[in-house]
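Okay, so here's the structure we're looking at.
Every number in this text was worked out from the coordinates using simple rules, so none of it is lab data. What you see is a predicted model, and the numbers here were worked out from it, not measured in a lab. Quick reminder, even Gly has a Cβ in these numbers, built from the backbone with ideal geometry, and neighbours come from all protein chains shown.
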């Protein structure tokens, strides 16, 4: 079965079928959504190096108890929102 994400770059949506590569230049507003009932694996790489610190600071290792629920908990989300600029990102509505 085809697994597919929809991605948005600067407000323009496109489908990203399995095996796709999406290049996002610096300062691109972007998001993605899985509109299927299937699990989707999303692999991400960054340039320049160093962005992994964001995940070290805010990530919940998947092997920990209730990792998925904890990764979207209100306190963690607010902490990300308040500190996201430190990682070269911004969040908008």
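Structure summary
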| item | result |
| --- | --- |
| Cα-projected label distance for residue 90 with residue 46, points at 7 Å along beta-carbon direction, nm | 1.8 nm |
| Globularity index of segment 1-44, i.e. its alpha-carbon radius of gyration over 2.2 N^0.38 Å | 1.14 |
| Pairwise Cα inverse-distance average, inverted: Kirkwood Rh of the chain (Å) | 15.2 Å |
| Where labels lie 7 Å past Cα in the beta-carbon direction, separation of residue 33 and residue 79 in nm | 2.8 nm |
| Over segment 47-93: Rg over Rh, Cα atoms, Kirkwood Rh | 1.00 |
